[in-house]
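Since every read-out is calculated from the coordinates, none of them should be taken as a lab result. This one's a predicted model, so the numbers in the text were calculated from it and none came from an experiment. No Cβ is skipped: glycine too gets one built from the backbone with ideal geometry, and neighbour counts run over all protein chains shown.
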Amino acid sequence: MAAILPNENTPRASLLPNTERRERLRKIRGIRDGISRYGVAAAGLGVIFALALIFFYLFYETFPLLKPVSMEVAYEISVPGDEEPAPTVHLTLDRFEGIGGRFSASGGITFFSPETGSILMRKQVNVPEDATVTAFGRSESRRSLFVYGFSDGSVLPLKLEYDQTFPEGVRVVTPRLSFPLGEEPMRIGDRVQGDYTALTVVEGRTGYVVAGGNQDGSIAMALFSARRNMLTGDVQISRQDYELPAISRPVRQLLINETLRNLFAVDDQGMLYNIDIVDPNRPRIIERVQLVADGASVTAADFLVGSRSLIVGGSDGSVSQWMLVRDEETNVPHLTRVRGFRQHPGAVTYIEPEYTRKGFLVGDATGTVGLHYATSSVTLKQIPVSGQPITRIAVSPINRLALVKGEDSEALRVIRMDNPHPQASLSGLWGRVWYEGRGQPEFIWQSSGADDAFESKFSLVPLTVGTLKAALFAMLLGTPLAIMGAIYTAYFMAGSMRRIVKPSLELMEALPTVILGFLAGIWLAPFIENNLPILVSVLVLLPLGMLAFGYGWTRLPTSIRHMIPPGWEAALLVPVVLVLGWVAITTSPWIEVAFFGGSMRQWFTDVGIPYDQRNALIVGLAMGFAVIPTIFSIAEDAVFNVPKHLTQGSLALGATSWQTVVGVVLPTASPGIFSAVMIGFGRAVGETMIVLMASGNSPIVNFNLFEGMRTLAANIAVELPETSVGGTHFRILFLSALVLLILTFVLNTAAEIVRQRLRKRYASL
Amino acid sequence: MKEWWKSGSPWIWLNGGAVTVSMIMVFGLLMLILIRGFGHFWPHGVVQAYYELPGADRVEVVGTLRRSETLTGQSMREAGAPIPEDQLVVTRHLFKLGNRDVTGRDFTYFIDDFLGEWRYPKDMTVLERREWGDFYGQPLRVLEAGSTVAEGAELWPEFQARLARTNQLYDEIRQIERRDIGNINFRLERVRLDQRRAELRGTLTPELERQFVERRAALDAEYAVLQERLDTLIDEARRDAIVMRAAGGQEVTIRLDRIVKAWQPNNMSIPSKVVFYVQSFFDFIFGYPREANTEGGIFPAIFGTVTMVLVMSIIVTPFGVLAAIYLREYAKQGPLLRTIRISVYNLAGVPSIVFGVFGLGFFVYLTGGAIDRTFFPEALPAPTFGTPGLFWASLTLALLTLPVVIVSTEEGLARIPSTIRQGSLALGATKGETLWKVVVPLATPAMMTGLILAIARAAGEVAPLMLVGVVKLAPTLPIDGNFPFIHLERKIMHLGFHIYDVGFQSPHAEAAEALVYATALILVLLIVMLNLTAITIRNHLREKYRAESD
């Protein structure tokens, strides 16, 4: 001390900084204050922005699903191959949209650039001497398999392939023709002469099937199988002719499905003959179906990818989808009209199916081109393209470009399309859809299949129903336990006990759900399966036992009763619950023997209730357990904070404590309890791990307690890592995440607002 | 009785019962995990008995009892068991028989009525093997290079000594394989990337190229030396074997380098069992998983969880605290702010999987993809940050736990009595000074609480991690001796995911069940501990400020 004190004799030097330094200090402090203000603001706003980004990003990923389809005529090129005036019989486009192909009636194939129309390459198939091309047929677009038919009755199947090479790192695509049955045309049977009016080719498991029909209604079919001689390496082609029943009218179109089970022949009046060729030696007409309205005729028909369904266009402009549907009683498949599409203004002239999905382009006699999608049964766009009737359309395998040729034959019109998610329509996601191979319209979620031709089934209904089912059963268990527990804990329980009970239950909220899910799936599910009667006996025994004990307690001598103060009922009940639980478990086999013929699970099956080991009941139990702490904690707060003078007033007026609870406490606290339930529901809706582990994850639509379900959240966890980025499936999963986000956000916000109101009301009371 | 009913007391009892049931469920669950989890490590006695079904041969059963249960005779008859028609209930025992490679059945049920007397022979031995699970049997002789070196009484000590030697060799082999060769591979990959980067930038000169070749050659030489050493060690380790008699009398020869450890539970005293128990527990926590995670330890999962949570804490703490300070101290209070605040709070209730979806789409694909194209073009098409990994997992969880930290910090800030603030301001401190020197230090415990709660939540979350960075088996730890030491792009293992994966996706789910219980136990202990800490801090804090503001 003494050392610091200045000597009295020396002039006093101020310990305070001088003016200049003070000014500087003030400045620095001002700057620091500013840094603090703006730094904190920036960080705070950044965090808020980051959280808001979640919404925006999910919207951003989902938005393309809603984007309208664009389709427009981009430009025109002149039909390449001017020196051969023969009409065009077919058009193609490669998957990089850099090479177009034009098959002409002279047997010449011209490859050109769809950008400029300049010719890249020209090929010629062998046309027999003195013969001309009379017919052209093709297989599904994705197979790139075609067949020429000549006036002498011979046919020539050919395949178009594209070779990719990378000289100097740049991709070069070259088209290549290959002739699986050799380059020489060959006959298909002797009955039908060369006046084919319809021709088709299919590659089956056993070989190539070519079928041709003529003006008289006769149909010839031949199976070519190529066998390579192991020793010489020569390819030997064997031909097997089959005689098919004739139809009485001229054949307009022939179609054979890829499984080689049915041949569809369409006559000039729109009648379809479904010929069973499972055993081609004994073909028979199964049925005759009128495809279009009376008076109209079928002017175009083609398979969608996978050849499971047929698109039919009529002279009246109608477009409809047909497929083989099994009769439920006789199990015989019948060709059935599944859905229709928006009518075209003129007669349908050409149908071009897409390569990898269930969409197709339709051209008509007025020059309109329509873009339709089968699964979602929508007509995405119809635009006028040409003044003349459309004769041919080619779509690229990636569905972004199409070539359209009108009858004027002077020009090819190039259409640009942007149509990445045709399946995601409102009715496709939420309505019943008649999928290929199904007996009736259904809600199905099945996102991926074995091959390209798989029709993905994106119905959100099974997932939503599953989500609600899981949440519902969880709430059924959780809500009563949590609310009753909350009322007791807040209002009746002794303080010292409450200080243990409340934190313990709240601690459970932090218990990882993966552990609950694991226990539910591994321990609880088999346990319940083996001891099903426990469910009933616990539900009956526990309340009765508690009531009996409670009544018995009042009959006890006062000296004993006074040893335990009121507010400890819950503790007294612990042994009761334990004993009753033990009784329920040990009596379980005996109940099964006495009432359920020895096995309750079998009994369920016998009465027609399907039983899965991991089912909604298990999920309900585990998730109910998970929501108890959430609901309990909030509801308990609401009840506990009811102003004391209200309850005391009620008690003073002579109400019993239970009457006070029912008459005063609950009405006052009910908004809080309601918000607790909502928050609990929000948690149950979004819970992932428990459902993933304790339910079978099968997307079914029912509310059976003993079957599993698949929820939106679990579905995301299972499928998102394996989807292709940016695809329809990917975006639909984002959509379901967005649905979850909005749903829980709305629930929680509503709950929060209710709670804030309640807080204000308590404050004013 | 009627009066009692009218007074409403029955309802009070029922409400009380609800609390009782909830509490029993909570503690029952904890007990279940505790018992099953801790029970996993106890050396249970090995039973030997004979099992004789009517009309079938007598078979020898050697194994440990997993559990017993009572079922109705009817359901057993339906399952095909030869139970007499008049028998109503049946007890059956689930035994772990081990010897998966010999019999093909690891776990089998035996019906009590057909099981003879249970005996516990002293020499029954359990071998924990590196592959094919446990082996149960009686040791017959120890072999060295095919010839017998020990039998009878001296067998066990001799076997123990040789097993210790082999295990030491094996550790050395692992060390070389995992660390030394792993290092070389890491450096080789780096050389490749350096070279590719130079190629992409067009700065690859012949001089540089020669350097790369040299660097590669040097590493290859280093590798050759290690490989040679490895080969001798492997030969050494393969020297000894033990011949065991399996149930049914079959003799099986097992090389010692295939054995992790061996014990004779029927011959152990209680203290030695306790020692064994503690050892097993440590092996479990510090060991690496084997056999598709169904055996061995969970160290990488613990390590991955902890690393991820630490990285998350580093991200979430400053941002959460700053956001809370902004909301409470700087932002203009009004309806807009109230909306923002409610929204931020409500994000805590948004399903975690939604954060996972956001993390995968925005962080991994969008941001990660951009980072890869900008900074790691040499590694493409193999993604560096454009794939799920530690950093994205931590960032996603940070986003998920931000509301927790914000809520807790705001609560702490709100609790600081305004007198303290006003006092500081009255003494001439600026707002910033008041905030950072007075208010924030006082609110530190609240921030700690928030952080701990965030950590507890993050440690238990699995659903979002399945999308953004957790894998079944990570080949390397996210932290190692190679520069830059913390590898944020690596995939990690996680305790919660480990439970899901081993419990539900593994081929030997039954054998792994005990291990999953033990993993669950570790996770529960971790989280309960963190939460208790948070609760203690919070209560302490409340008391403190209650005293100060009064």
query = Quick one: Karplus J couplings for segment A:711-723, per residue in order, coefficients 6.51, -1.76, 1.60, θ = phi - 60°, nearest Hz, x for Gly and Pro?
reply = 9, 4, 5, 5, 4, 4, 4, 6, 9, 4, x, 10, 8
note = Taking Lys and Arg as +1 and Asp and Glu as -1, residues besides A:Pro422 with C-beta under 12 Å from its C-beta add up to +2
request  = Please give the net charge around A:Tyr208, taking every other residue with its beta carbon less than 13 angstrom from that of A:Tyr208, where Lys and Arg add +1 and Asp and Glu add -1.
outcome  = +4
inquiry  = As I understand it, the value is the acute angle between the Cα axis of helix A:533-555 and the longest principal axis of the Cα atoms of chain A; what does it come to in degrees, rounded to 10?
reply    = 10
remark   = For segment B:57-69, in residue order, the Karplus 3J(HN,Hα) values (coefficients 6.51, -1.76, 1.60; θ = phi - 60°; whole Hz; Gly and Pro = x) are 6, 6, 10, 7, 10, 10, x, 9, 6, 8, 6, 10, 8
message = List residues of segment A:227-250, by number, whose backbone nitrogen lies under 14 Å from a label position 7 Å along Cα→C-beta of A:Gln215.
response = A:249-250
ask   = With Cβ to Cβ distances under 11 Å as the rule, what net charge do the other residues near A:Val348 carry (K, R +1; D, E -1)?
value = -3
ask   = What nm value, rounded to one decimal, do you get for the distance between B:Ala414 and B:Asn167 when each label is placed 7 Å out toward the C-beta?
value = 5.7
remark   = Here FRET efficiency (C-beta to C-beta, B:Ala426 to A:Tyr38, R₀ 30 Å, nearest 0.05) is 0.75
key: Cα centroid separation - segment A:704-755 against segment A:367-385, whole Å   = 32
remark   = The answer for A:Gly359, listing residues at least 5 apart or on another chain whose modeled amide H is closer than 5 Å to its amide H, is A:Glu354, A:Ala374
query = For A:Arg187, B:Arg174, what's the fewest-to-most ordering of other Cβ within 10 Å of each Cβ?
reply = B:Arg174, A:Arg187
message = Give me the mean projected area, in nm² to one decimal, of the convex hull enclosing the Cα positions of chain B.
response = 41.6
query = Under 5 Å between amide H atoms, partner at least 5 residues away or on a different chain: which partners does B:Val149 have, H built in plane at 1.01 Å?
reply = B:Val142, B:Leu143, B:Glu144
key: Estimated FRET transfer efficiency when R0 is 25 angstrom, pair B:Asp57-A:Ile585 (beta carbons, to 0.05)   = 0.10
message = My understanding is that a pair violates if its Cα-Cα distance is over 24 Å; which of A:Lys469/B:Lys491; A:Lys358/A:Lys469; A:Lys67/A:Lys358 do that in this structure?
response = A:Lys469/B:Lys491; A:Lys358/A:Lys469
remark   = Length gained if A:Leu25 through A:Arg438 is fully extended, taking 0.36 nm per residue and subtracting the Cα-Cα distance, is 140.5 nm
ask   = What is the extension gain from A:Tyr75 to A:Leu539, computed as 0.36 nm multiplied by their sequence separation minus the C-alpha to C-alpha distance, in nm to one decimal?
value = 159.6 nm
note = What helix-only [θ] at 222 nm does the protein assembly as shown give? Using -39500 (n - 2.57) per DSSP H run of at least 4, over all residues, to the nearest 500, the answer is -14500 deg cm²/dmol
inquiry  = Please arrange A:Met475, A:Met709, A:Met493, A:Met563 by how many other C-beta atoms lie within 10 Å of their C-beta, fewest to most.
reply    = A:Met563, A:Met475, A:Met493, A:Met709
key: Contour excess over end-to-end distance, with Cα ends at B:Gln87 and B:Val528 and 0.36 nm allotted per residue   = 154.1 nm
Relative counts (whole %) of C-alpha pair distances in chain A, using bins that are 10 Å wide = 2, 10, 16, 16, 13, 11, 10, 9, 6, 4, 2, 1, 0, 0
key: Within segment A:331-370, backbone nitrogen closer than 15 Å to the virtual label 7 Å beyond the Cα of A:Gln290 toward Cβ   = A:337
request  = With a Förster radius of 60 Å, plug the Cβ-Cβ distance of B:Arg178 and A:Val170 into 1/(1 + (r/R0)^6) and report the FRET value to the nearest 0.05.
outcome  = 0.85
ask   = Packing-wise, with mean Cβ within 10 Å as the measure, how do A:743-752, B:271-280 rank, highest first?
value = A:743-752, B:271-280
request  = Compute the long axis of helix B:335-346 from its Cα atoms, compare it with the longest principal axis of the Cα atoms of chain B, and write down the angle in degrees, 0 to 90, nearest 10.
outcome  = 10
task = Quick one: what are the phi-derived ³J(HN,Hα) couplings along segment A:277-285, Karplus 6.51/-1.76/1.60 with θ = phi - 60°, whole Hz, x for glycine and proline?
result = 10, 4, 10, x, 6, 10, x, 8, 7
message = What distance in nm lies between label points placed 7 Å from Cα along the C-beta direction at A:Phe63 and A:Arg261?
response = 4.6
ask   = To the nearest 10 degrees, how steep is helix A:728-764 against the longest Cα principal axis of chain A, on a 0 to 90 scale?
value = 20
request  = Let me have the relative contact order for segment B:137-266, percent, based on Cα pairs under 8 Å that are six or more residues apart.
outcome  = 39
query = With each pseudo-label sitting 7 Å past Cα toward Cβ, what's the A:Arg761-B:Glu228 distance in nm, one decimal?
reply = 8.6
inquiry  = Report the rotationally averaged projected area of segment B:307-549 based on its alpha-carbon convex hull, in square nanometres.
reply    = 16.8
ask   = For the protein assembly as shown, what D do you get in µm² per second when you plug the Kirkwood radius from alpha-carbon pairs into Stokes-Einstein at 37 °C and 0.692 mPa s?
value = 87
ask   = On average, how much area does the Cα convex hull of segment B:266-371 cover when viewed from any direction, in nm²?
value = 12.7
ask   = How long are the semi-axes of the ellipsoid equivalent to segment A:129-269, from square roots of 5 times the Cα gyration tensor eigenvalues, in whole Å, largest first?
value = 29, 18, 15
query = Given N residues in segment B:262-325, what is Rg(Cα) / (2.2 N^0.38 Å)?
reply = 1.83
request  = Determine, for A:His334, A:His90, A:His344, B:His494, the number of other Cβ atoms within 10 Å of each Cβ, and report the residues in order from fewest to most.
outcome  = A:His334, A:His90, A:His344, B:His494
remark   = Site B:Glu117, offset 7 angstrom along Cα→Cβ, radius 16 Å on amide nitrogen, limited to segment B:33-74, gives B:47-52, B:61
